[in-house]
1. What number comes out for the charge environment of Ser146, summing +1 per Lys or Arg and -1 per Asp or Glu over other residues with Cβ under 13 Å away?
2. Show log10 I(q)/I(0) for region 1-124 at q = 0.13, 0.15, 0.17, 0.21 Å⁻¹, two decimals, from a solvent-free Debye sum over equal Cα scatterers.
3. Please give the per residue accessible area of region 1-137, computed with a probe of 1.4 Å over protein heavy atoms only, in Å².
4. On a 28 Å Cα-Cα criterion, which of the cross-link pairs Lys84/Lys154; Lys84/Lys165; Lys84/Lys133; Lys9/Lys208 come out too long?
5. What ranking of Met1, Met48 comes out by heavy-atom accessible area, probe 1.4 Å, highest first?
6. Need the list of aspartates and glutamates near Lys13 for cross-linking: C-alpha distance under 19 angstrom, and skip anything on the same chain fewer than eight residues off.
7. Which loop-located GluC sites (Glu not before Pro) does region 110-214 contain, where loop means any DSSP state but H, G, I, E or B and the Cβ has at most 14 other Cβ atoms within 10 Å?
8. If you plug each phi of region 90-97 into the Karplus form 6.51 cos²θ - 1.76 cosθ + 1.60 with θ = phi - 60°, what whole-Hz ³J(HN,Hα) values come out, in order, with x for Gly and Pro?
Amino acid sequence: MKDLSNYRKSYEKSELLESNIPEDPINLFNRWFHETEDLGGIEEVNAMTISTIGLDGFPKSRVVLLKKFNEEGFVFFTNYDSEKGIAIQNNPNVCLSFFWHSVERQVIIKGTAQKTSEIVSDNYFNSRPDGSKLGAIASDQSRVISSRTVLDQKLFELEQQYEGKEIPRPSNWGGFIVAPVEVEFWQGRPNRLHDRIRYTLQDDFSWKIERLSS
């Protein structure tokens, strides 16, 4: 067994104080997102881990890409018939998390997911490169296949079929929007005494702000 007990880092780049935060978490997320993007060091700032509860009762986490966020929630796109898509439609309670190591920050979002409108899904699908569009059609995401050749052959056939033609969005592919009910911001600090600020949505749609012990 490899001993990792000596893997340590002191977090000293910033602080998170109640005197310098907005009343709602979306504004703070927007600030952190763009600060992380501007500072560099992370290739895909919009990469996030989404955790779902599967039909087998186990949680499962995987990385997807955030494509839009606003006051209504956080949007990503996937195959609705994939393992994650089926899990979300069975239990819409999900968790999103971002870890931006270059700025020593994490954001953890609890929320409920639902499908975006078909217009939102169509608009994003139509903005994708043709290869990505065909990939969405070619892949029966999460299904067992015999070899890589199955995917390559399917893609080749679709390239011939749609050469010079408009590529339609599959009906089982589209967006989910996660409406947050709790957002926690974590800022690394020295001596493992990290700053943790939690926003919790109230019945009147205001946000309760609390500090958590590290």
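1. Within the 13 Å Cβ shell, the charges total +1.
2. Debye intensities relative to I(0), on a log10 scale: -0.66, -0.84, -1.01, -1.28.
3. 59
4. Working: Lys84/Lys154 23 Å; Lys84/Lys165 30 Å; Lys84/Lys133 19 Å; Lys9/Lys208 32 Å.
From the list (Lys84/Lys154; Lys84/Lys165; Lys84/Lys133; Lys9/Lys208), the Cα-Cα distance tops 28 Å for Lys84/Lys165; Lys9/Lys208.
5. Met1, Met48
6. Of all the aspartates and glutamates, those that pass the test against Lys13 - Cα under 19 Å, at least 8 places apart if same chain - are Glu35, Glu37, Asp38, Glu104, Glu184, Asp195.
7. Numbers: sites: Glu118, Glu157, Glu159, Glu163, Glu166, Glu182, Glu184, Glu210; in loops: Glu163, Glu166.
Of the GluC sites (Glu not before Pro), the ones in loops of region 110-214 whose Cβ has at most 14 other Cβ atoms within 10 Å are Glu163, Glu166.
8. 7, 9, x, 7, 9, 10, 10, 9
The values are calculated or read from the model by the stated rules, or taken from the named source; none is laboratory data. What you see is a predicted model, and the numbers here were worked out from it, not measured in a lab. Note: ideal-geometry Cβ built from the backbone for every residue, glycine included; neighbour counts use all protein chains shown. Ligands, DNA and RNA are excluded from the accessible area calculation, which covers all protein heavy atoms including side chains. Shrake-Rupley method; radii C 1.70, N 1.55, O 1.52, S 1.80 Å.
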